[in-house]
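Colleague: Right, I'll just put the structure down here and ask away after.
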Amino acid sequence: MAILYPSSFAGAQDTLLRVDSSFKGARWVMPEIDGNEVRTLVQTHNISELIARVVLSRNIPTDNLDAYFAPKLSRDFPDPLKLKDMQEWSEYMAEAIRKGKRVGVFADFDVDGSCSAALIKKFFQHIGRDIPVYIPDRLNEGYGPNKQALTKLKDMGCDIVLMADCGTSAHDVIAHGQWLGMDICIFDHHEPEDKLPGARFLVNPKRADDTSGYEALCAAGVVFLALVALNSELRAQRYFDWLGRGEPPLKSWLDLVALATVCDMVPMQGPNRLLTKAGFEQMAHMKNNGIRALAQIAKLEKAPTQMDAGFALGPRINAGSRVHRSDLGAKLLSAESYDEALQIAYILEDCNLKRRDMQKLMMEEAVGRVTAKGFDNDPVIIVDGDSWHPGLAGLIAGGLKEKYDRPACVITYADVEGGREGRGSGRSIKNVNIASSFMAAKDLGLLVKGGGHAMAGGFTIKPDKIDEFRNFMIAHVSDQMTNAPTQPETMVDGIMAVSGITPDSIRMVNDGMGPFGVGHTEPVFVIPYARVLQADIVGKTHVSCRIADQNGGGWLKGISFRSYPSPMGEALLNEKERPFHLLGQVRINHWQGRDYPEFQILDAAYAI
């Protein structure tokens, strides 16, 4: 059982341990928790005091905690028909299948798009239909549908195109598809504009007229619900009896939904917690040939975790589109044999190694350009490079965002018919909706196209508009940041002692409250008055250390990623005689067949 110190360390929203400005400039706060409420939760829900305190500190509704702690597909599965256009689409699609209409798929090249395409492909494989899947080339075609792609699908005989993880803003392209005589059905989750394209069906929980409450879903989640609705419609029409085969094993495909949900970093709220939890339970069975092959290549010793999905599986899937071929991810995840999947996984591994080397060089150039141009004081970082690889723009934007703690955009160039165009990728921070900035810039004629999510987006721009776009973004981002807190605050969920951090207590947190993600982050704890017994630099930029309680006793491994060189990293390495308040998250590190507790240090402050 983890040890929590008394709430007397902090009152309601009071500064915790008098940390007004940590090494990262944050004020630490921890809400005061009513002890009677803690005891009531412990008794009524048979949970630990640790979990009860975290639940109360986060204001998680306590009226239905059973669904929170142990969501069940049979009880809590979202109703697909609540999504706008879903019922009409499922009826239409079932009729089209019965009539033998030719179906094609167009999907984005990232993990979410690849998982979405694989889900649709697997469904139609099950009913004996071999359908074409078109994934646009990231380097030559860029994000989103294009007229040439739809023309190719038409030439393949497609009557219907199921468009996944894109299309919500593609007015001209959708109109072209209609002109070709195809029905376009969109399954997306990107922010829509005021006017929607004229698709036959557009299923997107972010539509203004959608009242489902499922706006946190990624595209693969939307697609999965669509397949559930379609399956129900076909069952009602006794299609599977006529076909002479059972229904598709939809539940076993939830591993793809979980993978997409984690990698696309959508909020871990609403149905996403249920779908992700159930998806990782399915992933443990390794029934998907692609996931199994990729896990082998990545040398995963146990069933993939959320961290494995985000840092081992996802980057390898994305590497194909970044430096080689965009369709490799979808092919991997829909592979019907393990041998086929393993061959693709080896190609993706080579792509990922190449991507790492290219990313390092490009990041160094980008930082040098920021410094040389004097952009490091701008509220938003915008840099461009003639020779930069377009497949890495998003990664570099993310790296710049982390380094400068502000939104960042990276622009690369491509030669297209009629001249040259810039293709940008942006990553944002809390309180700045970068997609809304891109859409506003597009409305002013500064961008050819643009959109995305609050935290990430993309755009196309004419080179002669870049300076004007930069000035617009500086003003637009500044306006959004005006209402943001002047000093960042870190909300602390509890205080723990080194002696109380064990594999069992960590599992209690992670298994009891997970899965975690955006909007439902892992609990953050503070170890007060900790002693650093030993500290070393590992991997050039990380600090690994041994930490102990103020009064000694056992020690715990701590790790602070990408903190060297920085004031915090330097302090951990060189000021072992001083006590620290350490803020971070608890982890289990699996090594050589054993589980070890670990504290991931996110921030620190001198203990006064």
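Colleague: Would you confirm whether any residue within the range 562-579 is among the acidic types (Asp, Glu), part of a strand (DSSP E or B) and either modelled with pLDDT under 90 or exposed (fewer than 14 other Cβ atoms within 10 Å of the Cβ) (or both)? Break it down stepwise before answering.
Modeller: Narrowing the range 562-579 to residues among the acidic types (Asp, Glu): 570, 575, 577.
Filter again for part of a strand (DSSP E or B), leaving none.
Looking through the range 562-579, none of the residues is among the acidic types (Asp, Glu), part of a strand (DSSP E or B) and either modelled with pLDDT under 90 or exposed (fewer than 14 other Cβ atoms within 10 Å of the Cβ) (or both).
Colleague: Let me ask something additional. Among the residues of the range 161-182, write down those that are surrounded by fewer than 22 Cβ atoms within 10 Å (Cβ to Cβ) and in contact with an Asp or Glu (Cβ under 7 Å, 6 or more places away or on another chain).
Modeller: Matches in the range 161-182: 182 only.
Colleague: Do we have any residue at all in the range 463-481 that's in contact with a Leu (Cβ under 9 Å, 6 or more places away or on another chain) and among the charged types (D, E, K, R)?
Modeller: Yes, the range 463-481 contains a residue that is in contact with a Leu (Cβ under 9 Å, 6 or more places away or on another chain) and among the charged types (D, E, K, R).
Colleague: Return a yes/no flag: does the range 149-166 have any residue that is of a type in the set (D, E, K, R), without any contact (Cβ under 8 Å) to a residue 12 or more places away in the chain and farther than 20 Å from residue 461 by Cβ.
Modeller: So in the range 149-166, the residues of a type in the set (D, E, K, R) come out as 152, 154-155, 159, 165.
Going one step further and asking which of them are without any contact (Cβ under 8 Å) to a residue 12 or more places away in the chain, we end up with 155.
This time we only want the ones that are farther than 20 Å from residue 461 by Cβ, so: 155.
Within the range 149-166, one or more residues are of a type in the set (D, E, K, R), without any contact (Cβ under 8 Å) to a residue 12 or more places away in the chain and farther than 20 Å from residue 461 by Cβ.
Colleague: Name, by its number, the condition in (1) under 30 Å from residue 428 (Cα atoms); (2) over 20 Å from the mean Cα position of the chain (by Cα); (3) surrounded by fewer than 17 Cβ atoms within 10 Å (Cβ to Cβ) that does not hold for residue 325.
Modeller: Only one criterion in (1) under 30 Å from residue 428 (Cα atoms); (2) over 20 Å from the mean Cα position of the chain (by Cα); (3) surrounded by fewer than 17 Cβ atoms within 10 Å (Cβ to Cβ) is unmet by residue 325, namely (3).
Colleague: Okay, next question. Among what's in the range 306-322 and is hydrophobic (A, V, I, L, M, F, W, C) and surrounded by 21 or more Cβ atoms within 10 Å (Cβ to Cβ), pick the residue that is nearest to the chain's Cα centre (by Cα). Spell out the reasoning first.
Modeller: Keep residues of the range 306-322 that are hydrophobic (A, V, I, L, M, F, W, C), which gives 307, 309, 311-313, 317, 319.
Remaining after also requiring surrounded by 21 or more Cβ atoms within 10 Å (Cβ to Cβ): 309, 313, 317, 319.
Working: 309: 10, 313: 13, 317: 14, 319: 16 Å.
Looking at the filtered set, the residue picked out is 309.
Colleague: Please verify whether the range 206-219 includes one or more residues that are part of a strand (DSSP E or B) and either in contact (Cβ under 8 Å) with a residue 24 or more places away in the chain or in contact with a strand residue (DSSP E or B) (Cβ under 7 Å, 6 or more places away or on another chain) (or both). Lay out the reasoning, then the answer.
Modeller: Just the residues of the range 206-219 that are part of a strand (DSSP E or B), to begin with: none.
Among the residues of the range 206-219, not one is part of a strand (DSSP E or B) and either in contact (Cβ under 8 Å) with a residue 24 or more places away in the chain or in contact with a strand residue (DSSP E or B) (Cβ under 7 Å, 6 or more places away or on another chain) (or both), which makes the answer no.
Colleague: Continuing with the same structure: Kindly establish whether residue 20 is surrounded by fewer than 19 Cβ atoms within 10 Å (Cβ to Cβ), among the acidic types (Asp, Glu), over 26 Å from the mean Cα position of the chain (by Cα) and not assigned by TED's automatic domain parsing to the domain that holds residue 562.
Modeller: Values: surrounded by fewer than 19 Cβ atoms within 10 Å (Cβ to Cβ): yes; among the acidic types (Asp, Glu): yes; over 26 Å from the mean Cα position of the chain (by Cα): yes; not assigned by TED's automatic domain parsing to the domain that holds residue 562: no.
Spelling it out, it is not the case that residue 20 is surrounded by fewer than 19 Cβ atoms within 10 Å (Cβ to Cβ), among the acidic types (Asp, Glu), over 26 Å from the mean Cα position of the chain (by Cα) and not assigned by TED's automatic domain parsing to the domain that holds residue 562.
Colleague: In addition: Residues of the range 299-324 being touching a residue at least 60 places away in the same chain (Cβ under 8 Å), part of a helix (DSSP H, G or I) and among the basic types (Lys, Arg), which ones?
Modeller: Within the range 299-324, 322 is the sole residue that qualifies.
Colleague: Out of all the residues in the range 582-602, is one or more in a helix (DSSP H, G or I) and either at pLDDT below 95 or under 23 Å from residue 493 (Cβ atoms) (or both)? Spell out the reasoning first.
Modeller: Within the range 582-602, the first condition is being in a helix (DSSP H, G or I), and the residues that meet it are none.
Looking through the range 582-602, none of the residues is in a helix (DSSP H, G or I) and either at pLDDT below 95 or under 23 Å from residue 493 (Cβ atoms) (or both).
Colleague: Tell me whether the range 177-197 contains one or more residues that are of a type in the set (S, T, N, Q), touching a residue at least 24 places away in the same chain (Cβ under 8 Å) and more than 18 Å from residue 81 (Cβ to Cβ).
Modeller: Taking the range 177-197 first, the residues of a type in the set (S, T, N, Q) are 178.
Then keep just the ones that are touching a residue at least 24 places away in the same chain (Cβ under 8 Å); that gives none.
So far as the range 177-197 goes, no, none of its residues is of a type in the set (S, T, N, Q), touching a residue at least 24 places away in the same chain (Cβ under 8 Å) and more than 18 Å from residue 81 (Cβ to Cβ).
Colleague: Also: Just the residues that are hydrophobic (A, V, I, L, M, F, W, C), touching a strand residue (DSSP E or B) at 6+ places or on another chain (Cβ under 8 Å) and at pLDDT 95 or above, please, taken from the range 107-153. Before the answer, list the steps.
Modeller: Keep residues of the range 107-153 that are hydrophobic (A, V, I, L, M, F, W, C), which gives 107, 109, 111, 115, 117-120, 123-124, 127, 131, 133, 135, 139, 149-150, 153.
Adding the requirement that they be touching a strand residue (DSSP E or B) at 6+ places or on another chain (Cβ under 8 Å) leaves 107, 117, 120, 124, 131, 133, 135, 139, 149-150, 153.
Once the filter is applied, which keeps residues that are hydrophobic (A, V, I, L, M, F, W, C), touching a strand residue (DSSP E or B) at 6+ places or on another chain (Cβ under 8 Å) and at pLDDT 95 or above, the range 107-153 yields 107, 117, 120, 124, 131, 133, 135, 149, 150, 153.
Colleague: Go through the range 104-134 and give me each residue that's of a type in the set (A, V, I, L, M) and under 20 Å from residue 204 (Cα atoms).
Modeller: If the condition is that a residue be of a type in the set (A, V, I, L, M) and under 20 Å from residue 204 (Cα atoms), then 105, 107, 111, 117, 118, 119, 120 are the ones that fit.
Colleague: List every residue pair whose Cβ atoms sit under 7 Å apart, with the two residues 6 or more apart in sequence or on different chains, where the first one lies in the range 124-146 and is assigned by TED's automatic domain parsing to the domain that holds residue 238 and the second, anywhere, is in a loop (DSSP other than H, G, I, E, B) and among the polar types (S, T, N, Q).
Modeller: Pairs found: 135/326; 136/146; 136/326; 137/326; 138/326.
Colleague: Kindly state which helices (runs of 4 or more DSSP H) lie completely within the range 21-116 and contain at least 2 residues that are touching a Gly at 6+ places or on another chain (Cβ under 9 Å). Steps first, answer last, please.
Modeller: Working: elements: 35-45, 49-57, 65-69, 73-76, 86-98.
Those helices (runs of 4 or more DSSP H) span 49-57.
Colleague: Just a yes or no: is a residue in the range 99-114 surrounded by 14 or more Cβ atoms within 10 Å (Cβ to Cβ), over 30 Å from residue 456 (Cα atoms), over 25 Å from the mean Cα position of the chain (by Cα) and not hydrophobic (A, V, I, L, M, F, W, C)? Quick ask: steps written out before the conclusion?
Modeller: From the range 99-114, those surrounded by 14 or more Cβ atoms within 10 Å (Cβ to Cβ) are 101-114; that's our starting set.
Next, only the ones that are over 30 Å from residue 456 (Cα atoms) stay: 101-103.
Applying the additional criterion that residues be over 25 Å from the mean Cα position of the chain (by Cα) yields 101-103.
Adding the requirement that they be not hydrophobic (A, V, I, L, M, F, W, C) leaves 101-102.
For the range 99-114, residues surrounded by 14 or more Cβ atoms within 10 Å (Cβ to Cβ), over 30 Å from residue 456 (Cα atoms), over 25 Å from the mean Cα position of the chain (by Cα) and not hydrophobic (A, V, I, L, M, F, W, C): present.
Colleague: So how many residues does the range 457-496 have that are part of a loop (DSSP other than H, G, I, E, B), surrounded by fewer than 21 Cβ atoms within 10 Å (Cβ to Cβ) and of a type outside the set (Val, Ile, Thr)?
Modeller: Restricting attention to the range 457-496, the residues satisfying the condition of being part of a loop (DSSP other than H, G, I, E, B) are 462, 483-488, 492-493.
Checking the rest, the ones that are also surrounded by fewer than 21 Cβ atoms within 10 Å (Cβ to Cβ) come to 462, 483-488.
Applying the additional criterion that residues be of a type outside the set (Val, Ile, Thr) yields 462, 483-485, 487-488.
Number of matching residues: 6.
Colleague: Further, regarding this structure: Within the range 332-358, which residues are in contact (Cβ under 8 Å) with a residue 40 or more places away in the chain, surrounded by 18 or more Cβ atoms within 10 Å (Cβ to Cβ) and either outside the structural domain of residue 149 (by TED's automatic domain parsing) or part of a helix (DSSP H, G or I) (or both)?
Modeller: Taking the range 332-358 and keeping what is in contact (Cβ under 8 Å) with a residue 40 or more places away in the chain, we get 332-338, 340-342, 344-346, 348-349, 355.
In the following step, the residues that additionally are surrounded by 18 or more Cβ atoms within 10 Å (Cβ to Cβ) were identified as 332-335, 341-342, 344-345, 348, 355.
Selection gives 332, 333, 341, 342, 344, 345, 348, 355.
Colleague: Next question. Given the criteria surrounded by 13 or more Cβ atoms within 10 Å (Cβ to Cβ), at pLDDT 85 or above and more than 26 Å from the chain's Cα centre (by Cα), does residue 44 qualify?
Modeller: Values: surrounded by 13 or more Cβ atoms within 10 Å (Cβ to Cβ): no; at pLDDT 85 or above: yes; more than 26 Å from the chain's Cα centre (by Cα): yes.
Taking the combined requirement at face value, the residue does not satisfy it.
Colleague: Identify, by number, the condition in (1) in a strand (DSSP E or B); (2) of a type outside the set (D, E, K, R); (3) crowded, with 24+ Cβ neighbours inside 10 Å; (4) modelled with pLDDT of 90 or more that residue 413 doesn't meet.
Modeller: Just one mismatch for residue 413, condition (3).
The values are calculated or read from the model by the stated rules, or taken from the named source; none is laboratory data. All values derive from a computational prediction rather than experimental measurement. Cβ sites come from the backbone with ideal geometry, for glycine too, and all protein chains shown count toward neighbours.
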